[in-house]
Structure formats: structure tokens, C-alpha cells
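Here the structure comes first, spelled out in C-alpha cells, and everything after it is commentary.
Computed from the coordinates by the stated procedures, all read-outs in this text should not be read as laboratory data. For clarity, every value in this text was computed on a predicted model and none was experimentally measured. Cβ placement follows ideal geometry from the backbone for every residue including glycine, while neighbour counts extend to all protein chains displayed.
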Amino acid sequence: MATATQRTTQKNASLTDRARSAASGAQTRVSNATSATVDAAKDHPYAAAGIVAGAIAAVGGAAYAATRKSDSTTTTSKAKTKH
């Protein structure tokens, strides 16, 4: 009969094996997706450049909007405290 410690060790080994299997599968999928992305960028460089430029513009716009939002919040609160 297995002791509680042995059962826990077996469960941990099973979980470790499942985690390794999942990580290996994820690594394979990421590698395949990366290769496909690189190939697509090589086949269509202008489209890839356009996508990158759009992503940069979106991030820049979001950052700009976030700074404007925080500026307007502090300006509004300062204006309210002045009498």
C-alpha cells in the first residue's frame, strides 16, 4: 500500500510530465508561428512595414492619449482648488 508521501510524489511527477508536455507543444506552435510570420514578411515586405507602422502609431496614440488624460485630470483638480 502506498503512503501519502508516495502518492503526493506520484501526483507531482504526473503534473510535471504534463507541464513539460504542454510547454513542448507550446514551444512547437510558437516556433511554427514565428517561421510563418518571417516567411510572410519576406514575401510581402511592404505589407509587413505597413502593419508595423500601424502598430507603432496605435501604441504612440494610446501613449499620447494617456498622457493627455493625466494632464487634464491634474489641470482640472488644480483649477478646482484655486479660488
Using label points projected 7 Å from each Cα along Cα→Cβ, tell me how many nm separate His44 and Gln27, to one decimal.
3.1 nm
Along the Cα→Cβ direction, 7 angstrom out, place labels at Thr3 and Ile56. What is the inter-label distance in nm?
6.3 nm
Volume per residue (Å³) of the convex hull spanned by the alpha carbons of the range 14-67 is 79 Å³
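Give the value in nm², to one decimal: projected area of the alpha carbon convex hull of the range 1-43, averaged over all directions. Write out the running numbers ahead of the final one.
On the way: hull surface 10.9 nm².
Approximately 2.7 nm², given one-decimal rounding.
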